[in-house]
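Beneath this line is the structure, given in structure tokens, with notes to follow.
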Amino acid sequence: MAEDQATAALKTSAVEKQPETTEPPRVMTTTKRMMVAIDESDSSFYALQWVINHFSSLLMTTEAAEAEGDLLTVVHVQSPFYHFAAFPAGPGGATAVYASTAMIESVKKAQQETAAALLSRALQMCRAKQIRAETLVLEGDAKDMICQAVEQMHVDLLVVGSRGLGKIKRAFLGSVSDYCAHHAKCPILIVRPPKEITS
């Protein structure tokens, strides 16, 4: 019986001893992809500046960062333009008013100009600190589109500003930051600006 235990111990020690490899251990690199959502509000640009100030070392335009694919995506979501609107026209009825083609083109052009100006300002802020950044313009409901973009682009961190809406306004208007905090498929950072920006 002692011989059986000795044989089993030898077999176990033979299995446990593996030949050592001379290959160096592989270092796993992870891409750091951050997204900041901006709109016309000062609080969204405060959030962008906060990210630039606090994460610039991770997103600098360097050969190492470019090789790893580290990137900041600045996203702006435009509201869709509806071609008609219903207005009450009297007791029990509503009238649909359709927008002319000229009006539709005018509104779309204004939205494109606004988006271009916002993203140009955002890119200037990033370039001033040598941050690798790209821009993205989406159309639809901001809450849903931001969460979809986060999932499709495999974002590591979503950053949104907080407008500091009161309880009543938040109940009626909804809060993009609240919605994203509950539905985004990545960690989210909500940056609250100082009171002088929100008032």
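The values are calculated or read from the model by the stated rules, or taken from the named source; none is laboratory data. What you see is a predicted model; the values in this text were computed from it and never measured. Just the protein is used for accessible areas: all its heavy atoms, side chains included, with ligands, DNA and RNA removed. Shrake-Rupley method; radii C 1.70, N 1.55, O 1.52, S 1.80 Å.
Here are the numbers for the structure shown:
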quantity: Cut-off under 5 Å, modelled amide H: who pairs with residue 138 long-range; calculated: 76, 77, 78
quantity: The range 102-164 - accessible surface per residue (Å², probe 1.4 Å); calculated: 57
quantity: Karplus-derived HN-Hα couplings along the range 35-41 (A = 6.51, B = -1.76, C = 1.60, θ = phi - 60°), whole Hz, x at Gly and Pro; calculated: 10, 10, 8, 10, 9, 6, 6
